[in-house]
Amino acid sequence: MLTDPRFLEFRWRQISQVQCQVRVEQAGSGTFVSRANVNLAEVKAPLTYARLLPDELEIEVVENWITSPRPGLLAQGDFEVRFDRVPVQVRAESFLKASPKDPEKTLRNISGNLQVNMPLIGGKVERELLSHLQVFSGGEEEAAESWLANHAG
């Protein structure tokens, strides 16, 4: 699923509060580039730092899944998120493993770094962005559940 370009496009449409157009390209074995043009006009109003963001933002996500994950993992990869005209970058590793309580379920652990290159206010902007990551994480989880329910078998 995480290497299916149709899912990579589908998950963007499942994130509540986000209106966007998406293009997904395969860039090698296990590597995918998603580019989303996101309309921020409706989303950014309540954000403290909304005036620093453009109304239209291109987000590029480069995901790389390795073919031989380390023992005990179902999948292993990394991703990088870049924002056009905004000095924000996200880099993370992602690991999928079977749930110890239910082998039919998969757990995804993500660890990484969020960096905002803005003098004086970078740390504050990072904290603001981190507080909104739950919306995106929840959207991806709902997208995965919906995708699997409709594409099982």
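Points to keep in mind about this one:
- For segment 1-41, the set of residues classified as loosely packed, with under 14 Cβ neighbours inside 10 Å, modelled with pLDDT of 85 or more and of a type in the set (A, V, I, L, M) consists of Ala27 only.
- Filter result (farther than 27 Å from Pro5 by Cβ, exposed (fewer than 13 other Cβ atoms within 10 Å of the Cβ) and charged (D, E, K, R)) within segment 125-145: Arg127
- For beta carbons closer than 6 Å, sequence separation of 6+ or different chains, a first residue in segment 101-120 that is in a loop (DSSP other than H, G, I, E, B) and a second that is not β-branched (Val, Ile, Thr), the qualifying pairs are Lys105/Ser99; Asn117/Pro87; Met118/Pro87.
- Close pairs from segment 66-78: first among the acidic types (Asp, Glu), partner surrounded by fewer than 16 Cβ atoms within 10 Å (Cβ to Cβ), Cβ under 6 Å, at least 6 apart: Asp78/Glu93
- Counted residues, segment 125-153 - those being more than 20 Å from Phe95 (Cβ to Cβ) and free of Cβ contacts under 8 Å to residues at least 12 places away in the same chain: 6
- Exactly one residue out of Leu53, Leu73 is in contact with a Lys or Arg (Cβ under 8 Å, 6 or more places away or on another chain), at pLDDT below 90 and surrounded by 14 or more Cβ atoms within 10 Å (Cβ to Cβ): that is Leu53.
The values are calculated or read from the model by the stated rules, or taken from the named source; none is laboratory data. Note that the structure is a prediction, hence the values are computed from the model and not measured. Positions of Cβ are generated from backbone atoms using ideal geometry, with glycine treated the same way; all protein chains shown enter the neighbour counts.
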